[in-house]
Amino acid sequence: MAKQNSFPDIIFIGQPNCGKSTLFNSVAGLKAETSNFPGTTVKHTHSKVNVEGKVLNIIDLPGTYSLNPSDEAEKVALRHLFVEKPDLIINVIDASILGRSLELTMELIELGYPMIVALNMVDLAEKKGVEIDPRKLESLLGVPVIPTIASRGRGIKELLIAALKNLKERKPVSHIEWAKDVEDKIEELEKNMPDDFPIVANKRFTAIKMIESSKTFLDRMLKEINPSLKKAVDEIRGELEERHNIPAYEVIAAERHHLALKYFEESSQVKRGKRISWLDRVDDIIMHPLLGYLILIGVFFGFFFIIFKIGSPLEEFLLNPLINLRDYLSIKLGSGVFFYLADGLLQGVGGGVAIVLPFFIPLIFLMSLLEDVGYLARAGFLMDTFMHRIGLHGKSVSPFILGFGCNVPAVVSTRILESRRDKIITSLLIPFIPCSARTTIILALMAFYLGPLWAVGFYIFNILLVGVLGRIISFFFKTPSPGLILEIPSLKVPSLKSLFRKTYFQLKSFLIFAWPILIVGSIVLALMQFFRLDSFINLILSPFVEKALGLPRELGVTLVFGFLRKELSLIMMLQALDVSYQDLMTLITRQQLIIFTVFISFFIPCVSTVAILWKEIGKKMALISMALNTGVAIIISLLVRMIIGI
Amino acid sequence: MISLCDAPNNKKLKIVDILGGHGVHRRLLSLGFHRNDFIELDSRSIFGGPILVRDLTSDTSIALGRGIARKIMVEIVGETK
């Protein structure tokens, strides 16, 4: 990848959950999403900012624990560092876990690139009784250290000033000496390296990486391209292993670990008698082997009841003016093409505002709350046991939970999974997770007409279905799952500002991407109705829609459009049946309502999900996913029809 | 020396050895779990689920599946708190 412009590249890099995206946001404005779940930024985000007349190209990389990647998200981070050679690295570290955070810093320093450390979350560290002296840390590391509190926008200005200064001076960073015997071995390898050898960053860094990469892809590649160098590396590893009695890569990791801890101790004062904060106590209850599960169930039910309690009165309130307007239009415009056009527009615009938003907004707000508090990672821990029964482990919980918001980022986030097996199984299951669009449908149809318990029941059924499907799909994969290693970030009191910002961010993307589809879709349907094209599609689909599913024939066309956007089916349903939301039940039965909801929920993932599946796991798997969803939707709908009988 | 799976809750433990493949070992290292680190078992879930381990040196928590926990060998050093 060549550099695309002449602006200086500044890379934000840090371990997962260090507040890197929040800091990046403060610098870049409202661009990246943040969360309290490890591995949320799986794709990098670019942004241009103007600081005192100088344009900077800032890049937010996915969180990475080390420069030895073990999942795809981390590989993205490395590609940037090694290939694009940034002009400046801003290493964001979580001050509250300084000892561990510094391990990555040590590795970054080895690169020798110009670098600044943003010592983030200093407030949290102080709460834990840790006082860090940034000047002391700065002299130990040999790079500027700027304390920041990203969530409150503190230290951002200082950080930018330091960045500008550093860009002007381009001060290279010198490496920190390790134990003599290890340094000797590294130097020996450096001497063995031929002059034309493709080095990354510098000779020392390349030598260290070579020693570290035993049994990996890199090691096998070296054997192909330079067998004699490979032999030298093996010998050096052997000597290190013999002397230290641990694998060579661990010798290197231990060097960084010791330095990190040493610097942590030298630059910080830990006040004795660390207070146990009330958050720790809450954490003990949330993670309790028994209470934890009861709370998980409580959170789950509470979540939907709250959304429903806010959404349904709001919905009724907003719908009334729409109905009046529609009646007025029909008197004014008669029944010509203008009325159809205006009606389509009204249904699309109004449907989005009055039916979708009342449920959508509380849903994304509460999702952000659970995420920021740090509950999602804990849910992952609690759910690991059950995930094993379906052939996965707790780390897949995070993509699944993101899937409740939207399936698209959920599929992208499967990159945090280390094995391809887990990635494919998880990606095939995600389209069965009811996203916010489908939750809206479930709430607007099932909960609104049949009562909230129906919606909850449907949700439970849906989750059980995911379990059964997971079991079946994992049957086709012989290799076992590697098992769970998941960091549990500390519980945090979320900031309202961040919650509103996140809600706004998602709302904006709904308004920009989804709403226009709803509006255009409604207008297209209105025109099709005017020209009687819809009856043609309905006729073709009628053997299936009418005979097999037992639904009104008019709904055929709405199912087709559901492929674009799931909410479209809901809005079009009313339009197709020519009925207002309140009067829906006069035209269809409770049973038909259930079957419609079931079918819409499971059938074919929406077009954006298919596109992202295609990109992430390949064409074949995307097609399998479409077939799987459609097959399951048909089977379940038919079963439901048989059971409730219409 | 016992495996982390068999270790008691809320006792100060020391990581003595990490068995098994280099993939898991590297992952643990990058998450800040090193040999000779002091750790504590915070909680374990029911039905053979994962265990929650707190690294007392770096003050971070990670959830580990049983399969992985079985490969981490520890010795009991003392009480915590």
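Any read-out appearing in this document is the output of simple, stated calculations on the displayed coordinates, not a laboratory observation. What you see is a predicted model, and the numbers here were worked out from it, not measured in a lab. A quick note on method: Cβ atoms are made from the backbone with ideal geometry, for glycine too, and the neighbour counts reach across all protein chains shown.
Rounded if a/c is under 1.5, else prolate if a/b is larger than b/c, else oblate: which is segment A:447-519, with a ≥ b ≥ c the root eigenvalues of its Cα gyration tensor? Here segment A:447-519 falls in the oblate category. Taking other residues whose beta carbon is less than 14 angstrom from the beta carbon of residue A:637, and scoring Lys, Arg as +1 and Asp, Glu as -1, yields +1. Partner shielding of B:32-44 amounts to 4, given as the average count of beta-carbon atoms from other chains within 10 Å of each residue beta-carbon. Label-to-label distance, residue A:228 versus residue A:580, with points set 7 angstrom from Cα along the beta-carbon direction: 8.9 nm. With contacts taken as Cα pairs under 8 Å at a separation of at least 6 residues, chain A carries a relative contact order of 12 percent.
Scanning chain A for helices, which whole DSSP H stretches are 27 Å or more long along the axis (Cα) and average 1.6 or more by Kyte-Doolittle?
For chain A, where a helix must reach 27 Å along its axis and average at least 1.6, the hits are A:452-475, A:619-644.
Each Cα pair under 8 Å and six or more residues apart adds its sequence gap; the mean of these over the residue count of segment A:541-639 is a relative contact order of 26 percent.
Take the residue pairs A:54/A:127; A:75/A:168; A:48/A:423; A:75/A:230; A:128/B:12 and return only those whose Cα atoms are more than 26 Å apart. With Cα atoms farther than 26 Å apart: A:54/A:127; A:75/A:168; A:48/A:423. Annotation for segment A:521-621: trypsin sites (Lys or Arg not before Pro) lying in DSSP loop with at most 16 further Cβ atoms inside 10 Å of their Cβ are A:532. Note on chain A: helix-only mean residue ellipticity at 222 nm, from DSSP H runs of 4+ residues weighted -39500 (n - 2.57) and normalised by residue number, equals -19500 deg cm²/dmol.
Computed from the C-beta positions of residue A:131 and residue A:504, the FRET efficiency with R₀ = 30 Å rounds to 0.25. Multiplying the residue separation of residue A:453 and residue A:278 by 0.36 nm and subtracting their alpha-carbon distance yields 59.6 nm. The stretch between residue A:337 and residue A:468 holds 42.3 nm of extra length on full extension. This uses 0.36 nm per residue minus the Cα-Cα distance. The mean count of C-beta atoms from other chains within 10 Å of the C-beta of residues in A:287-300, rounded to a whole number, is 2. The distance from the alpha carbon centre of segment A:390-453 to that of segment A:70-115 is 31 Å, rounded to a whole number. Dipole size of the protein assembly as shown about its Cα centre, with +1 on Lys/Arg Cβ and -1 on Asp/Glu Cβ: approximately 960 debye, rounded to the nearest 20.
Between residue A:199 and residue A:323, the modelled label-to-label distance comes to 7.7 nm, taking each label 7 Å out from Cα in the direction of the beta carbon. Potential lengthening of the chain between residue A:638 and residue A:165 amounts to 163.5 nm, from the contour at 0.36 nm per residue minus the alpha-carbon distance. The packing ranking, built from the mean of other Cβ atoms within 10 Å per residue, places the peptides A:151-161, A:437-447, B:2-12 in the order A:437-447, A:151-161, B:2-12, highest first.
Cα centroids of segment A:586-612 and segment A:320-376: 18 Å apart.
Separation of the alpha carbons by more than 25 angstrom is noted, of A:180/A:209; A:171/A:223; A:85/A:203; A:223/A:619; A:20/A:508, for A:171/A:223; A:223/A:619.
What residues from segment A:417-440 fall in the zone where the backbone N is under 18 Å from a label point 7 Å along the Cα-to-C-beta line of residue A:624? Under cut-off, by backbone N: A:417-433.
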